[in-house]
1. For the range 214-342, what is the relative contact order in percent, using Cα pairs closer than 8 Å and at least 6 residues apart in sequence?
2. Can you tell me the accessible area per residue over the range 53-102, all protein chains present, probe 1.4 angstrom, in square angstrom?
3. Using a Gaussian network model of the chain with C-alpha springs under 10 Å, which one of 21, 157, 30 is most mobile by mean-square fluctuation?
4. Determine ³J(HN,Hα), in whole Hz, for all residues of the range 15-23 in sequence, where each value follows from phi through the Karplus function 6.51 cos²θ - 1.76 cosθ + 1.60 and θ = phi - 60°; x replaces Gly and Pro.
5. Taking the Cα centre of the range 235-342 as origin, sum charge times position over the Cβ atoms of Lys and Arg (+1) and Asp and Glu (-1), and report the length of that vector in debye to the nearest 20.
6. What number of lysine-lysine pairs in the chain show an alpha-carbon separation below 20 angstrom, given a sequence spacing of 8 or more or placement on distinct chains?
7. Report ³J(HN,Hα) in whole Hz for each residue of the range 306-319, in order, from the Karplus equation J = 6.51 cos²θ - 1.76 cosθ + 1.60 where θ = phi - 60°; Gly and Pro get x.
8. So what are the ³J(HN,Hα) numbers for the range 217-232, from phi and the Karplus equation (6.51, -1.76, 1.60; θ = phi - 60°), rounded to whole Hz, Gly and Pro as x?
Amino acid sequence: FEFSDAEVQAMQTLPPITGARVHASLGGHRFAVTLEAGEMTAPQGGVIDATGSTLRVSDMRQKPAVAELLLKTRAPVTAALSVLDLEPFRFLTKAGQPVDLAEGVGWAEGRITFPLKGKLQGSDVDFEVVANAETLISEVLVPGRVLEGRSGRLLARPTGLEITGDGDLDGVPFTGAVVQIPLGEDAPAPTVDGEVEIGENFVETFGIGLPEGSVKGAGPANFALEFPGDAPIRYSMSSQMRGVVLSLEPLGWVKPARSEGRLELSGRLGAQPSVDELTLRGAGLTAEGSVTTTAEGGLEEARFTRVSAGGWLDAPVLLKGRGLGREPAIEVRGGRIDIRKT
């Protein structure tokens, strides 16, 4: 049988599907309803087109019978997430994230199974929803930064939310990023892993505090972010620095773009970023230390516990910022210098 211009309640906790045109079949202890047209108004973010979705019960003899909702939707990302944050899912709330964490339009397909009984609990529902969006924009995932994703893919399961794709973070390109947002009260902190392009633009955008002109060119680096609740975002990064030119003019040291080295750093992002640990090796230089920045984003201090350069220097070195556009002051408080090799 068929009917049209109907209002259909797929689940008790979800908004109704209105303007529904439905084809239904019943037989052999099986029941199926396919939506040939219809839409759902989300609590936030707009309207979800659910055309092509199917609700079916494979065996009505079971007590309680199990319903399977096969979703096919097109919707604004915020609208889709606001529905998935309703009971019994609540997966955005469980992850400590708002439903408007990203803007864009996506296409989603998924499977939701639940028993046909009253007072459903979250543990009664199993689901896997996959959504794709050509463009995603978020000012929430990385606070204070604009994240623009391309060809993004979202996978929602009871265990968590996973977002993958390429894009830009405040204009700095990244590829293959994987955002993991675990669910549950005792779930670990959300994380992001991927590959980012480091270079002059990266140093300037994130206020790393290196002297002006010390970084040129660009090259790939692996990165990881961790979002520990209300604390600043922690990051770590490693790169072989292919394509990156590094120079420290006061030391007369340059790493050409074609040569490889090793850069490892970790710290915190925020209004005043920091580099808590930094290790740099390449072109005869080894440096280990940390970097702090000023409120304006310039260099405050680059404190190296050891700098070894060209066989002529082996000493702790402190670079102190003196304002934008000025060379940092240099302090050497020990170690060894061989002037014959400078």
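1. Numbers: 319 pairs, mean separation 18.2, N = 129.
Reported as a whole number, the value is 14 percent.
2. 43 Å²
3. Comparing 21, 157, 30 in a Gaussian network model of the chain, the most mobile one is 30.
4. Running phi through 6.51 cos²θ - 1.76 cosθ + 1.60 with θ = phi - 60° gives x, x, 8, 10, x, 7, 10, 10, 10 Hz.
5. On the way: 15 positive and 13 negative charges, 68 e Å.
I would put it at about 320 debye.
6. On the way: 63/117; 63/119; 94/119; 216/255; 255/341.
The number of close lysine pairs in the chain is 5.
7. These are the phi-based 3J(HN,Hα) values: 8, 10, 10, 9, x, x, 10, 10, 8, 6, x, 10, 10, 9 Hz.
8. x, 7, x, x, 8, 7, 9, 9, 10, 10, 10, x, x, 7, 7, x
The values are calculated or read from the model by the stated rules, or taken from the named source; none is laboratory data. What you see is a predicted model, and the numbers here were worked out from it, not measured in a lab. Neighbour counts run over all protein chains shown; Cβ positions are idealised from the backbone, glycine included. Accessible surface is based on the protein model in full, side chains and every heavy atom, while ligands, DNA and RNA are left aside. Shrake-Rupley method; radii C 1.70, N 1.55, O 1.52, S 1.80 Å.
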